[in-house]
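Inspection log for the structure reproduced underneath, given as structure tokens.
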Amino acid sequence: MSDTPLFDASVSFLRRALDARKISSVELASVFLDRIATLEPKLNAFVTVDRERALADAKAADARIAKGEAGPLTGIPLAHKDVFCTEGVLTSCGSKMLANFVSPYDAHVVTLLKDAGVVCLGKTNMDEFAMGSSTETSHFGSTHNPWKPGHVPGGSSGGSAAAVAARLAPIATGTDTGGSIRQPASFCNVTGIKPTYGLVSRYGLIAYASSLDQGGAFGGSAEDCALLLGAMTGFDKRDSTSLDRAPENYAAALAAPPADAAKPLAGLTVGLPREFFAAGMSDDIRVAVDAALAQYRALGATTREVDLPNAKLAIPAYYVIAMAEASSNLSRFDGVRYGHRAAHYDDLFDMYCKSRGEGFGDEVKRRILVGTYVLSHGYYDAYYLQAQKLRRLIAEDFRRAFAECDLIAGPTSPVTAWALGAMSGDPVQMYLADIYTTPVNLAGLPGLSHPCGFDRAGLPVGLQLIGNYFSEAKLLEAAHRFQQATDWHLRRPALAA
Amino acid sequence: MPLSNEQVERLARLARLAVSEDAIDTTRAQLDSIFALITQMQAVDTTGIAPMSHPQELAARLRDDVVTETDRRAAFQAVAPQSEAGLYLVPQVIE
């Protein structure tokens, strides 16, 4: 074994160490649990850390490994975003509403990963009900960016991104409704992928905006994401939007040697949307993104400009659709069947209002109110229906662009991680920062963010790759080739306990 | 078109959300700025464009009308704020 500390190692390195019995899964889990105990007070990346359960999972994994029945992820530690229901474990969704909710069942993703033998270290912090881009709306306090405590990790899956960046877990799950995997991945210098809508079951994933929500993976590299995502996909009859497709082996696709080792991306055409490179992104981000694109060309890819003329409409269309669907989805929190119930009320109506008024935070309430308005009688056509028509226009833009290129590249976010509180008084300003990620969710396409440099303040910059439907293997392979030639993804934040 | 406080109160009632007196003004101002953002999309002519409700044009799957789940009432009611004898308890609604 090399000198790499175990917490810093790739999943494939850990696999080899486990299979060669150089370390047990129990020892490996302890490495991460100890690291969490040391660094968590500074980062607040977790809502729940379940040491006992993790060690029990690890013991079971060791038994499987001993019997020669290990799969690629057996005995590998992982953290779940607290939006996924986990049986017998608090599933808070970052909300006071669910601060007492111990789920009676597992999400499909959780079941799949349990069956694969992963060791769940705990549940990560997030914006309340995944509504936010900074993890500041969590009832359990903000998560700090490991690169600069006092700055946001991005969101809504900020806890998962921060946990992987600080190496509190080698891999983590997340969800992405408008950028909630890709944007925190870019803010924290990790790799994150949101697959094609329908590839990962939404069963047991607490719903925000059902036509946009999609589970995905965080890792230290595209290779680690490939292993995790491969274990998360698959048809599930309990999700009406789950796609009945044979799961792909993404990791095997990455391991295949390229035809030309010097130009592994030869033949790949990368489209650069004019609209994404117009004014809007910071100068430091432009420099980092341009350098990454030069690297892609050096690896054999060709770049060409493409047009996404309706992408600028994505923010209003996204927020109308997301808030409308949220207002409908969150009506289930009524203080009757689960979740918070107010202590004092006059009657049933008052109980609903007070339980929801106390249980939801300000951002969730704002979105429910706007969603209620746009769905109310007389306004539906002007808002929700109009947004769905714009959604069609945006999806058509991508369809035309993918006739001219294999992948689309650009910045993941127009800004790097901001200071905690800097945007909290002005929700609209934060919404506008989702400009590059929301069009991808509206179209239902897969998207990935990988590290590509730092700004002058030392905060990470991410490159977003967008693929056509079901091109996850292509996205992961492009990022993998980039990471084989660069070391941005290997840079680690300086973390003192 | 800015909202009035009465409209915010009506929305809050429709959404079953208690919004306190002193939070109404702030809420109204924030909703106004969100509406200023989203009404931008109304300037776009979408005549003849079919709405897209979903990324995948899927037909709803059907299944046989048979019981497939086991009875887990006790586990599900264990997380309810108030239940008794297999029933969810709420304030009296019928006199």
Only residues of region B:55-75 count here: report those whose backbone N is under 13 Å from the spot 7 Å along Cα→Cβ of A:Leu385, or say none. none
Run through all the Cα pairs of region A:345-443 and give the fraction in each 5 Å bin from 0, expressed as whole percent. 2, 9, 12, 15, 17, 14, 13, 9, 4, 2, 1, 1, 0
Write down the percent of antiparallel bridges among all DSSP beta bridges whose residues are both part of the protein assembly as shown, to the nearest 5. 70 percent
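Longest exposed-loop-site-free stretch of chain B, with trypsin sites (Lys or Arg not before Pro), DSSP loop and at most 16 other Cβ within 10 Å? Provide the component values of the computation, followed by the final result.
On the way: sites that count: B:Arg61, B:Arg63, B:Arg72.
In short, B:1-60.
Based solely on its DSSP helices, what 222 nm [θ] is calculated for chain B when runs of n ≥ 4 H residues each add -39,500 (n - 2.57) and the sum is averaged over all residues, nearest 500 deg cm²/dmol? Please report the intermediate quantities before stating the final value.
Working: 3 runs with 30 residues, N = 95.
Helices in chain B give a 222 nm mean residue ellipticity of -9500 deg cm²/dmol.
Which entries of A:Lys81/A:Lys312; A:Lys22/A:Lys194; A:Lys22/A:Lys59; A:Lys67/A:Lys123; A:Lys96/A:Lys123 show an alpha-carbon separation above 26 angstrom in the structure shown? List each step's numbers first, then the result.
Numbers: A:Lys81/A:Lys312 30 Å; A:Lys22/A:Lys194 33 Å; A:Lys22/A:Lys59 15 Å; A:Lys67/A:Lys123 29 Å; A:Lys96/A:Lys123 15 Å.
With Cα atoms farther than 26 Å apart: A:Lys81/A:Lys312; A:Lys22/A:Lys194; A:Lys67/A:Lys123.
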Let me know the mean shielding of B:29-40 by other chains, meaning the per-residue number of their Cβ atoms within 10 Å of its Cβ. 6
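If you filter region A:188-287 for trypsin sites (Lys or Arg not before Pro), then keep DSSP loop positions with at most 14 other Cβ within 10 Å, what is left?
Numbers: sites: A:Arg202, A:Lys237, A:Arg238, A:Arg245, A:Arg274, A:Arg286; in loops: A:Arg202, A:Lys237, A:Arg238, A:Arg245.
Within region A:188-287, the qualifying trypsin sites (Lys or Arg not before Pro) (loop, at most 14 other Cβ atoms within 10 Å) are A:Lys237, A:Arg238, A:Arg245.
Tell me the relative contact order for region A:403-497 as a rounded percent, counting alpha carbon contacts under 8 Å between residues six or more apart. Please list the in-between numbers first.
On the way: 107 pairs, mean separation 28.8, N = 95.
Rounded, it is 30 percent for region A:403-497.
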Against the empirical 2.2 N^0.38 Å scaling, what ratio does the C-alpha Rg of region A:215-325 come to? 1.39
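Can you work out the FRET efficiency for the pair B:Ala60 and A:Asp3, with r the C-beta to C-beta distance and R0 = 60 Å, to the nearest 0.05? Walk me through the numbers before you get to the answer.
Numbers: r = 55 Å, r/R0 = 0.92.
Once rounded, the FRET efficiency stands at 0.60.
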GNM result for chain B, Cα springs below 10 Å: residue of B:Ala78, B:Ala23, B:Ala60 fluctuating most strongly: B:Ala78
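Given only helices, namely DSSP H runs of n ≥ 4 each adding -39500 (n - 2.57), what is the per-residue ellipticity at 222 nm of chain A, to the nearest 500 deg cm²/dmol?
For chain A, the value works out to -11500 deg cm²/dmol.
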Please give the residues of region A:70-108, grouped as numeric ranges, whose backbone N is less than 14 Å from a label point set 7 Å along the Cα-to-Cβ vector of A:Asp19. A:70-76
Tell me the Rg and the Dmax, in Å, that the Cα atoms of chain A produce. 21.4, 73
Sketch the reach of a paramagnetic label on A:Ala252 as a point 7 Å from Cα along Cα-to-Cβ, and name the residues of region A:6-38 whose backbone nitrogen lies under 18 Å away. A:12
Could you work out how much longer the chain between A:Ser282 and A:Glu52 gets when fully extended? Use 0.36 nm per residue separation minus the Cα distance between them, nm to one decimal. 78.3 nm
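Sorted by average packing, counted as other Cβ atoms within 10 angstrom per residue and highest first, what order do A:480-491, A:38-49, A:82-93, A:155-166 take?
Numbers: A:480-491: 17.9, A:38-49: 19.7, A:82-93: 23.8, A:155-166: 33.8.
My ranking of the peptides, most packed first, is A:155-166, A:82-93, A:38-49, A:480-491.
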Distance between modelled label sites at B:Glu9 and A:Thr302, nm, 7 Å Cα→Cβ extension: 6.6 nm
Label A:Leu432 and B:Asp71 with points 7 Å out from Cα along Cα→Cβ: what is the distance between them in nm? 5.9 nm
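In whole percent, what relative contact order does region A:98-251 give with Cα contacts below 8 Å and a gap of six or more residues?
Numbers: 329 pairs, mean separation 30.6, N = 154.
It comes to 20 percent, rounded to a whole number.
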What is the spin-label model distance, in nm, from A:Arg491 to B:Thr39 if the labels are put 7 Å beyond Cα along the C-beta direction? 4.4 nm
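Sort region A:301-354 into rounded, prolate or oblate with this rule: let a ≥ b ≥ c be the square roots of the eigenvalues of the Cα gyration tensor; rounded if a/c is under 1.5, and if a/c is not under 1.5, prolate when a/b is larger than b/c, oblate otherwise. Don't skip to the end; give the middle numbers.
On the way: a/c = 6.24, a/b = 3.71, b/c = 1.68.
The shape class here is prolate.
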Return, for the Cα atoms of region A:98-248, the radius of gyration and Dmax in Å, separated by a comma. 14.4, 44
If you line up the Cα atoms of region A:24-94 on their principal axes, what length do they span on each, largest first, in Å? 38, 26, 20
When chain B is treated as a GNM, springs tying every alpha-carbon pair under 10 Å, which of B:Val79, B:Val19, B:Val66 comes out with the largest mean-square fluctuation? B:Val79
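Go ahead and run the numbers for FRET between A:Ala262 and A:Phe235, Cβ-Cβ distance against an R0 of 30 Å, rounding to 0.05.
Numbers: r = 40 Å, r/R0 = 1.32.
With a Förster radius of 30 Å, E is 0.15.
Ranking request for peptides A:59-70, A:18-29: highest mean number of other beta-carbon atoms within 10 Å first, then the rest in descending order. Write down the numbers at each step before the final one.
Details: A:59-70: 15.7, A:18-29: 17.3.
Descending packing order for the listed peptides: A:18-29, A:59-70.
Laboratory data are not the source of any read-out in this text; all were calculated from the coordinates shown. What you see is a predicted model; the values in this text were computed from it and never measured. Virtual Cβ from ideal backbone geometry, glycine too; neighbours counted across all protein chains shown.
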